[in-house]
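Here's the structure we're looking at; comments come further down.
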Amino acid sequence: MLAFLHQVLSGLATGGIYASVALALVMIYQATHQVNFAQGEMATFSTYMAWKMIDSGFPYWAAFLLTLVFAFVVGVTIERVIVRPFYKAPVLSVVAVFIGLLLIINSLSGAIFDYTIKPFPSPFPSDAWYGSPYLSSHEVGMIFVTLMVLALIFAFFRFTPLGLAMRAAAENPVSSRLVGVRVGWMLALGWGLAGMIGAVAGMMTAPIVYLDPYMMFSVLLYGFAGALLGGIDNPWGAVLGGFIVGVLQNLAGAYVVGTELMVTVALVIIVGILVIKPSGLFGRTIVTRV
Amino acid sequence: MATLDTSRPAAAALFAGLSLRAWKVIGLAAVLAAACVLPFTISSYQLLLANQVIVYAVALLGLNILTGYNGQFSLGHGAFYAIGAYCTAILLDKTGIPYWATIPLAGALCFVAGFLFGLPALRLEGHYLALATFALAVATPQLLKYKDFDFLTGGVQGIVISGPDTPGGLPLRSDQWLYFFCLLWTVPLFVLAWNLLRGRTGRALMAIRDHPLAASSMGIDLARYKSLTFGVSAMYTGIAGALGALLAQFVSPDSFDLFLSIRFLVGIVFGGLASMAGVFFGAIFIEFVPNLADLVSKAAPQAIYGIVLIVCMYLMPTGVMGLLRALGHKLGRLVAR
Amino acid sequence: MSAILETRGLSAAYGPTAVLKSVDLSVPQGGIVTLLGANGAGKTTTLRALCNMMVRVSGEIRFDHQRIDGKATEDIVRLGIAHVPDGRGTFVSLSVEENLRLGAYTRRDRQVAQDFERIYGYFPRLKERRRQQAGTLSGGEQQMLAISRALMLRPKLLLLDEPSFGLAPLVVQEIFRILRGINEQEGVSMLLVEQNANIALELAGYAYLLETGRVVLDGPPSTISSDESVRRSYLGY
């Protein structure tokens, strides 16, 4: 029972990361109906920036904040420069461009920071009071940070005019222009925010799995799984889906298939959801083109 | 390569008063002749590379049938390539089946695998299918490494196999024989695909790609066509994988990762979607670019693939073949004047 | 009376298809002008062209003595032109109140809160439903919401695209009564596109008749409605 509780709680901790990635994916999907395959690589690259800063003497939280700014700028830039011309392009072109981005950012990470595996510090001291037999202090801190980020993002969308304008731009670009919303910039802003959320996920993941250019591959997959489970057009659902997938993965790893087939579990979840209930648990029904 | 001859017909046709069709036949014959002479003119290493290009071309043709002609996505065709390769390797390793018989078995297995994966894919629109196949590609090496399959797959170590010997009486080195063996599979596969794609079936596939609703209202059975296409496509790529295993005499999980699948995508995008000749350009590209770019940096091949994907989408969404066709039309018009 | 909006040789096209051919319009300060015509005459296109939205535009547009042709839609809105588009353009997943808040998105003054009350005064039904998802409103309510959203801009000029479309006659009358009130009390100028010529001519002080992208007739309502062919084609008597 104790072990089970431990698995569930630590599943929630990793689930927080999947929830963040899922939210980042959903934000971009809602605005433009594009699935950002490069989301994980963007996060990895940002995490490398954080590593570089910490390595050269920055205090952790300063590096954390600067990395968020960096991730935001990168997100906005990618949207403006690379993604923007493809809003009306067929799906194939869009996916090809995102895969291209994935390759480029991944190779940039490798070229700049080389392919050796690097340890990444956790901001939470390992002997902190909130550590327990159930959860390490990093896992507790991770849950706290991801919940904070999610709360901030939701508050932003719910209570600020800019958040409202972004929701409007995602729903109805034409009407949004007519009330003066600069839709193009809202999309870029969405990319910036998604980049930031991803960067947080990356910085929370790295202390557990170590930092290397392929760090986010499986995280991205689980993020997809979470987003699909919750419904890819529903941010709340995606976050919940992320947490559920985290717990499922941990339990499956502990009791069913062992840790070696983690990614395969994600594959099974993804295909399973797509086959059984493509709209997810909380999503609107997807209108599939026959 | 000599494939160039077939792709500039418009200009040539008007030069010699021969029809476009006639020139295509002549060009094709020339290419085939060149392909038959090739192994006697180049070194063993070069022959290995040429052979790999042919194998990739078959794999790309498989992906192009699915993505280019039928508009279904796959970011996971490396998985079918892997299944084909492992099927051949395991059969050679564990049974006494002759190497040539493993190829159709690998093809059949991949057809079934592709068909089964294609069934759920029926319900998925573009992005979702891309996502599911992406997950398949990421999961493939892990599945191949899984310890409970060790007794078959050899786990992380993979399987070493010996290459086929030249059948008795033929005056060929074993690598030359393997080249012809691959060619013997490749040519019929391309002829089959050509027959399939130029007629009713091809039109149906493209109709499904372009106007799924209209296609189904014209009485095209979408489900049947799409899942069968998935199967055929996987079969082609699987046969390529089987041939590739013979060529490399070795299979291991990490050679079938996400990047293999992505290379296939790069190949068809570069060569030209929905183009049969284009897959050769794609195959040449994905075979040689990594070798060249590796000299610069370990990160370079991927970066180049990435840039090619994006630049192709910006500047030549129809790939090399589209470019050549456009050039051909221009030349043709110039000559006509 | 000086004109708040004036066009000279306004043309517009969707891709290669020219829809509007050299139209000269003028809306006086504080006036209501209506644009009549059959389906496909170019009425909606005219409004879109004024906002530089979804069409290719050429010609001269002056708003408040300032050239606005070539400006981006978002900037034109900021000058004080509010557009109630065809199909109402409701943000269906947002609440009624959020829809209204979006209407005031470009405003930086502090009177937005009061304007909510002012608008709810015109349309009490929206107040009752302010927390409701806008997509769940009836057609008439959505039209009221669209007009309200436009008014939240505190516009100098209101562009109305067939506000009567698909609504019951009683609802139409109510909406037009409110529009007249807004015009009289707040001095908002209006350019009204309508197929329902009868009711439009009652409200407007001047009318243009469009046929296949050209102005074929213009004048005060009395002149227009006394024209024999207009009576037969558009007024139905």
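Go through the stretch B:242-252 residue by residue and turn each phi into a ³J(HN,Hα) via Karplus (6.51, -1.76, 1.60, θ = phi - 60°); whole Hz please, and just put x for glycine and proline.
Result, ordered by residue: 5, 4, x, 5, 4, 5, 7, 6, 6, 10, 8 Hz.
Roughly how compact is the stretch A:173-262, stated as its Cα Rg over 2.2 N^0.38 Å to two decimals?
Cα Rg divided by the expected 2.2 N^0.38 Å: 1.39.
Looking at the calculated P(r) for the stretch B:209-333, what percent of the C-alpha pair distances fall above 26 Å?
Across the stretch B:209-333, Cα pairs with separations above 26 Å total 37 percent.
Sequence neighbours fewer than 8 away in the same chain don't count; with that in mind, list the lysines whose C-alpha is under 28 Å from residue C:21.
Result set, ordered by chain and number: C:43, C:71, C:156.
Could you sort C:3-10, B:282-289 so that the peptide with the highest average Cβ count within 10 Å comes first and the rest follow in order? Don't jump to the answer; show the numbers that get you there.
On the way: C:3-10: 19.4, B:282-289: 22.9.
Ranked from most to least packed, the peptides come out as B:282-289, C:3-10.
Reachable aspartates and glutamates from residue B:147, Cα under 12 Å, same-chain residues fewer than 8 places away excluded?
Within the straight-line cut-off, residue B:147 pairs with A:260.
Dipole of the protein assembly as shown (Lys/Arg Cβ +1, Asp/Glu Cβ -1, origin at the Cα centre): which of B:64, A:150, A:104 lies farthest to the positive side?
The Cα lying farthest towards the positive end belongs to B:64.
Give the carbon-plus-sulfur fraction of the accessible surface of the stretch A:17-216 in %, rounded to a whole number; probe 1.4 Å, heavy atoms of protein chains only. All intermediate terms of the calculation are to be shown ahead of the outcome.
Numbers: 5240 of 7280 Å².
Ligands and nucleic acids excluded, carbon and sulfur give 72 percent.
Give, rounded to the nearest 20 debye, the magnitude of the charge dipole that the protein assembly as shown has about its Cα centre when Lys and Arg contribute +1 at Cβ and Asp and Glu contribute -1 at Cβ. Each step should come with its number before you reach the end.
Working: 60 positive and 49 negative charges, 323 e Å.
The dipole of the protein assembly as shown has a size of about 1560 debye.
Over what distance in Å are the Cα centres of the stretch B:278-312 and the stretch B:43-86 separated?
So the two Cα centres are separated by 15 Å.
Taking every DSSP beta bridge with both residues inside the protein assembly as shown, roughly what % is antiparallel (nearest 5)? Write out the running numbers ahead of the final one.
Values: 26 of 45 bridges.
Once the DSSP bridges in the protein assembly as shown are tallied, antiparallel ones form about 60 percent.
Hey, what number do you get for chain A at 222 nm if only DSSP H runs of n ≥ 4 count, each worth -39500 (n - 2.57), divided across all residues, to the nearest 500? Before the final figure, lay out each step's value.
Values: 11 runs with 203 residues, N = 290.
About -24000 deg cm²/dmol.
For chain C, take the longest principal axis of its alpha carbons; what is the angle in degrees between that and the long axis of helix C:169-186, to the nearest 10 within 0 to 90?
The answer is roughly 90 degrees.
How high is the relative contact order of chain C, given as a whole-number percent (alpha carbon pairs under 8 Å, six or more residues apart)? Intermediate values should be presented prior to the final figure.
On the way: 446 pairs, mean separation 64.4, N = 237.
Dividing the mean separation by the residue count of chain C yields 27 percent.
Over what distance in Å are the Cα centres of the stretch A:130-150 and the stretch B:160-203 separated?
Cα centroid of the stretch A:130-150 versus Cα centroid of the stretch B:160-203: 58 Å apart.
What is the ratio of the Cα radius of gyration of the stretch C:131-182 to 2.2 N^0.38 Å, where N is its residue count, to two decimals? Each step should come with its number before you reach the end.
Values: Rg = 11.2 Å, N = 52, 2.2 N^0.38 = 9.9 Å.
Scaled against compact globular proteins, the figure is 1.14.
Distances longer than 42 Å among the Cα atoms of the protein assembly as shown: what percent of all pairs is that?
On the way: 170583 of 372816 pairs.
Roughly 46 percent, once rounded to a whole number.
In whole Å, what is the distance between the alpha-carbon centres of the stretch B:256-277 and the stretch A:27-58?
26 Å
Where a Cα-Cα gap under 25 Å defines reach, which lysines qualify for residue B:298, not counting those fewer than 8 residues away within the same chain?
Answer for residue B:298, where 25 Å is the Cα cut-off: A:52, A:118, B:145, listed by chain and number.
Just need log10 I(q)/I(0) for the stretch A:47-95 at q = 0.31 Å⁻¹, Debye formula, equal scatterers on the alpha-carbon atoms, no solvent, rounded to two decimals.
-1.04
Tell me, what are the semi-axes, in whole angstrom and largest first, of the equivalent ellipsoid of the stretch C:182-237 as set by the roots of 5 times the Cα gyration tensor eigenvalues?
21, 13, 10
Based on Cα positions only, what radius of gyration and what Dmax would you give for the stretch C:87-154, in angstroms?
Answer for the stretch C:87-154, Rg first and Dmax second: 10.7, 32 Å.
In vacuo Debye scattering of chain B, one point per C-alpha: log10 I(q)/I(0) at q = 0.07 Å⁻¹?
Here log10 of I(q) over I(0) equals -0.29.
Along the charge dipole of the protein assembly as shown, pointing to its positive end and built from +1/-1 on Cβ of Lys, Arg, Asp and Glu, which listed residue (C:212, B:162, B:135) has its Cα farthest out?
C:212
Ignoring ligands, DNA and RNA, what accessible area per residue does the stretch C:87-154 give at 1.4 Å, in Å²?
Numbers: 2890 Å² over 68 residues.
Per-residue value: 43 Å².
What does the charge dipole of the stretch A:17-216 about its Cα centre add up to, to the nearest 20 debye, if the Cβ of each Lys and Arg holds +1 and the Cβ of each Asp and Glu holds -1? Intermediate results must be reported in sequence, preceding the final value.
Details: 9 positive and 8 negative charges, 158 e Å.
The dipole magnitude comes to about 760 debye.
Using Cα-Cα distances under 8 Å and only pairs 6 or more residues apart, what relative contact order does chain B have, in percent?
Numbers: 511 pairs, mean separation 110.8, N = 337.
Over chain B, the number comes to 33 percent.
Among C:146, C:114, C:90, whose Cα lies farthest out toward the positive end of the dipole of the stretch C:87-154, if unit charges sit on the beta carbon of Lys, Arg (+1) and Asp, Glu (-1)?
Farthest towards the positive pole: C:114.
Please compute, over every Cα-Cα pair in the stretch A:99-216, the percentage with a separation greater than 19 angstrom.
Numbers: 4276 of 6903 pairs.
Cα-Cα pairs of the stretch A:99-216 separated by over 19 Å account for 62 percent.
Magnitude of the Cβ-charge dipole of chain C, K/R +1 and D/E -1, about the Cα centre, nearest 20 debye?
Values: 28 positive and 26 negative charges, 117 e Å.
Taking the Cα centre of chain C as origin, the dipole is about 560 debye.
When only alpha-carbon atoms are used, what values of Rg and Dmax, in angstrom, describe the stretch A:17-216?
17.5, 57
Nearest 500 deg cm²/dmol is fine: what mean residue ellipticity at 222 nm does chain B get from its DSSP H runs of n ≥ 4 alone, each adding -39,500 (n - 2.57), divided by its residue count? Mind showing how you got there, number by number?
Values: 16 runs with 250 residues, N = 337.
Helices in chain B give a 222 nm mean residue ellipticity of -24500 deg cm²/dmol.
Relative contact order (percent) for the stretch A:17-216, with alpha-carbon contacts under 8 angstrom and 6 or more residues of separation? Mind dumping the intermediate values first?
Working: 246 pairs, mean separation 88.5, N = 200.
Computed over the stretch A:17-216, the figure is 44 percent.
Counting only other chains, what is the mean number of Cβ atoms within 10 angstrom of the Cβ of each residue in peptide B:135-145? Walk me through the intermediate numbers first.
Details: counts 15, 4, 1, 10, 12, 3, 1, 9, 5, 0, 2.
Across B:135-145, the average partner-chain Cβ count within 10 Å equals 6.
The values are calculated or read from the model by the stated rules, or taken from the named source; none is laboratory data. Quick caveat, the model's predicted, so the values are computed rather than measured. Methodologically, a virtual Cβ is constructed for each residue, glycine included, from the backbone with ideal geometry; neighbour enumeration extends over all protein chains shown. Accessible surface is based on the protein model in full, side chains and every heavy atom, while ligands, DNA and RNA are left aside. Shrake-Rupley method; radii C 1.70, N 1.55, O 1.52, S 1.80 Å.
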